[in-house]
Amino acid sequence: MDSDMETEKITCDLAMSRRDLLKVGAASVATATASAGSMGQTAVPPPAGTVPSAKVSFEVNGQAHALDVDTRTTLLDALREHLHLTGTKKGCDHGQCGACTVIVDGRRINSCLTLAVMHEGATVTTVEGLGAPGRLHPMQAAFVKHDGYQCGYCTPGQICSAVGVLDEVRRGIPSHVSADLTARPLLSAEELRERMSGNICRCGAYSNIVDAITEVAGSRT
Amino acid sequence: MKPFTYERARTPADAAASVARNPNAKFIAGGTNLLDLMKLQIEAPVHLVDVNGLALDKIEPTTDGGLRIGALVRNTDLAADDRVRRDYGVLSRALLAGASGQLRNKATTAGNLLQRTRCAYFYDTDQPCNKRQPGSGCGALQGISRQHAVVGSSSACIATHPSDMAIAMRVLDANVETVKPDGHTRVIPIADFHRLPGDTPQIETALERDELITAVTLPRPAGGTQVYRKVRDRASYAFALISVAAIVQRDGSGKVAVGGVAHKPWRVEAADAALPQGAKAAAARLLAGAQPTPHNAFKLPLVERTLGAVLIQAKA
């Protein structure tokens with residue numbers, strides 16, 4: 001599950017490198033070694049052997065971070081490999097399993113399908129930011145109480161997603177199973193199952209997960 | 001992923017100009033499809049132009065009573081917009097039938113239109129694919145083609161367009177607004193936006209390489225009962241085998257578009273005209289000239305039956 005970034009660095013012979021490098025000339029080479037993420041900067045192909053990087057600043061769990069990362073770094077890899085917040089898990093790395101779900105600017109997203117450099121100024125909440133032992137977030141406590149997991153690998157993503165789901169319901173966002181598009185959505189098990197369908201649990205703890213979310217939803221409404 | 005440089009665009013025309021300057025550059029917005037394909041090296045841009053900072057995230061009324069949807073409006077926000085829920089229900093329903101909550105929070109209106117096919121032979125770089133590598137052949141033709149197209153396909157490609165949203169946009173007669181590097185704008189009717197594969201399945205839309213979508217507009221509300229019915233292998237979070245988007249008026253007239261059957265959202269004028277005669281008559285016109293494979297011939301009766309169910313729902 002570790003990042004394969006090292007492998008990528010070794011195999012980064014650029015398809016465009018040598019010919020395009022000749023075109024842009026020596027002056028551009030000097031600028032290409034600087035970060036390429038600044039506003040409106042003219043793109044310059046990187047010289048062979050270097051990996052394009054860019055600067056980005058965002059807040060994670062209330063703490064400000066300034067990073068200079070390989071532009072290929074996903075938000076997931078930035079969290080795990082650069083900030084060592086390993087609560088967020090890498091499952092499929094293709095947006096299909098939901099293990100990497102985090103909350104960015106108040107919305108749950110797949111952190112594997114977005115680049116770190118695309119989040120300048122963002123506010124990120126991971127499972128570590130929701131709560132910690134001794135001061136659990138209600139959703140974390142409910143997952144423990146209802147045994148909403150077996151192996152636990154999908155759990156951080158499930159919990160971040162569930163927190164996002166209840167916020168989406170509170171904001172009146174309809175779902176595929178909402179009978180009336182213009183009515184306030186219900187908090188039924190059917191609604192929760194549909195809204196959580198982007199989070200896969202291979203242990204099959206789904207019914208307990210729905211129980212946990214239902215308890216938190218009930219205590220809030 | 002192959003290495004790439006990255007910039008944040010300041011204006012739509014600047015974004016288009018940057019892509020024009022860099023032969024292997026691409027725009028990135030939600031990134032939910034592009035980054036997936038970049039990880040598999042099916043897409044390998046050397047430069048990404050991030051358009052998320054452009055102020056294209058509003059939904060506004062148009063002067064003729066319709067809606068202008070900014071290119072960057074997220075799928076969640078479009079589906080949840082009060083005007084869309086009230087007047088363009090088929091669009092809300094199609095959006096909510098697609099992807100997962102996490103993906104809809106990120107995916108954009110323009111990006112949804114530009115989704116690449118989910119054909120397994122397109123995704124597998126060890127297989128021939130005329131769309132991924134023109135001239136290499138089509139692995140699906142003799143392969144497993146349960147998901148594939150039954151109408152409008154060619155001997156070069158039988159891939160389908162995967163979008164739910166685009167099927168609703170097609171039945172709503174949406175228009176796509178674009179800008180070029182010189183600031184020149186144009187409007188492309190959704191009917192002309194997506195192409196059939198022909199001999200060039202790698203060319204999927206009418207867009208030029210350096211042309212940026214700025215908005216999608218909807219005409220004034222069509223009224224009627226609006227239905228989106230999606231048939232898939234799972235109850236949630238799966239691409240359509242087939243889907244039907246319909247707007248049915250009280251007198252039985254209406255419009256219908258079908259997904260999961262072709263390289264583009266599928267609509268046939270003669271089928272619209274036949275809607276008052278029922279699902280059998282309309283489906284026959286929708287699927288005229290169909291060339292299914294043994295694996296996906298089931299889609300023909302499935303379209304007719306799903307359309308029948310949609311018409312019953314619309315009249316209920």
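The values are calculated or read from the model by the stated rules, or taken from the named source; none is laboratory data. Here the structure is a predicted model, which is why all the values come from computation and not from measurement. Because the Cβ atoms are built from the backbone with ideal geometry, glycine has one as well, and the counts that use them run over all protein chains shown. Note: accessible area is taken over every heavy atom of the protein model, side chains too, but ligands, DNA and RNA are not part of it. Shrake-Rupley method; radii C 1.70, N 1.55, O 1.52, S 1.80 Å.
In table form, for the structure just shown:
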| quantity | calculated |
| --- | --- |
| Neighbouring partner chain Cβ atoms per residue of A:90-103, average, 10 Å criterion | 3 |
| Once the Cα gyration tensor of region A:161-200 is diagonalised, semi-axes √(5λ) in Å | 16, 11, 7 |
| Surface accessible to a 1.4 Å probe, per residue, for the residues of region B:175-316, Å² | 45 |
| Accessible area in the full protein assembly, largest first, 1.4 Å probe, for A:LEU186, B:LEU196, B:LEU286 | A:LEU186, B:LEU196, B:LEU286 |
| Radius, Kirkwood style, for region A:98-184 when every pair of distinct Cα atoms is counted (Å) | 14.3 |
| Region A:95-155-region A:161-187 distance, computed between alpha-carbon centres (Å) | 19 |
| Charge-dipole axis of the protein assembly as shown as Lys and Arg at +1 and Asp and Glu at -1 on Cβ define it, positive-most pick from A:HIS146, B:GLY70, B:LEU286 | B:LEU286 |
| Over chain B, relative contact order from alpha-carbon pairs under 8 Å, at least 6 apart, % | 18 |
| Whole-Hz couplings from phi, Karplus 6.51/-1.76/1.60, listed for region B:33-38; x for Gly and Pro | 9, 4, 5, 4, 6, 5 |
| Region B:140-155 - phi-based ³J(HN,Hα) in whole Hz, Karplus 6.51/-1.76/1.60, Gly and Pro as x | 6, 3, 9, x, 8, 10, 4, 7, 8, 6, 10, 10, x, 7, 9, 6 |
| Dipole in debye (nearest 20) - region B:149-293, about Cα centre, beta carbon charges: Lys, Arg +1; Asp, Glu -1 | 580 |
| Which listed pairs, of B:LYS2/B:LYS230; A:LYS90/B:LYS2; A:LYS90/B:LYS58; B:LYS39/B:LYS299; A:LYS90/B:LYS39; A:LYS55/B:LYS39, have C-alpha distances above 24 Å, in listed order | B:LYS2/B:LYS230; A:LYS90/B:LYS58; B:LYS39/B:LYS299 |
| Residue among B:LEU37, B:LEU287, B:LEU67 with the largest mean-square fluctuation in a Gaussian network model of chain B, springs linking Cα atoms under 10 Å | B:LEU37 |
| Rounded to the nearest 10 Å², the accessible area of B:GLU60 at probe 1.4 Å | 90 |
| Viscosity 1.002 mPa s, 20 °C: Kirkwood-radius Stokes-Einstein D of the protein assembly as shown over Cα pairs, µm²/s | 89 |
| A:CYS92 - accessible surface, heavy atoms, 1.4 Å probe, Å² rounded to 10 | 50 |
| Computed Rg/Rh of region B:11-67, alpha carbon atoms with Kirkwood Rh | 1.11 |
| Computed [θ] at 222 nm, helices only, for the protein assembly as shown once each DSSP H run of length n ≥ 4 contributes -39500 (n - 2.57) | -8500 deg cm²/dmol |
| Residue mean of other protein chain beta carbons inside 10 Å, A:65-77 | 2 |
| Aspartates and glutamates whose Cα lies under 16 Å from that of B:LYS131, excluding same-chain neighbours fewer than 8 positions away | B:GLU43, B:ASP199, B:GLU204 |
| Magnitude of the charge dipole, region B:168-243, Cβ model with Lys/Arg +1 and Asp/Glu -1, debye to 20 | 500 |
| Spherically averaged projected area in nm², based on the convex hull that wraps the Cα atoms of region B:70-158 | 7.3 |
| Candidate residues A:SER53, B:SER243: accessible-area rank, largest first, probe 1.4 Å | A:SER53, B:SER243 |
| Heavy-atom accessible area ranking, 1.4 Å probe, most first, across B:ARG209, B:ARG85 | B:ARG209, B:ARG85 |
| Size of electric dipole in the protein assembly as shown: Cβ of Lys, Arg +1 and of Asp, Glu -1, about Cα centre, debye, nearest 20 | 1080 |
| Fraction of beta bridges assigned by DSSP in region B:1-88 that are antiparallel (%, nearest 5) | 25 |
| Heavy atoms of B:ILE59: accessible area, 1.4 Å probe, square angstrom to 10 | 30 |
| Centroid-to-centroid separation of region A:197-221 and region B:257-278 [C-alpha atoms, Å] | 39 |
| Centre separation in Å (Cα based) which lies between region B:103-144 and region B:168-207 | 18 |
| Cut-off under 5 Å, modelled amide H: who pairs with B:LYS264 long-range | B:HIS161 |
| From phi via Karplus (6.51, -1.76, 1.60), per-residue ³J(HN,Hα) for region A:127-143 in Hz, x at Gly/Pro | 4, 5, x, 5, x, 9, x, x, 9, 5, 5, x, 5, 5, 4, 5, 5 |
| Net charge of Cβ neighbours under 10 Å - reference A:HIS146; Lys, Arg +1; Asp, Glu -1 | -2 |
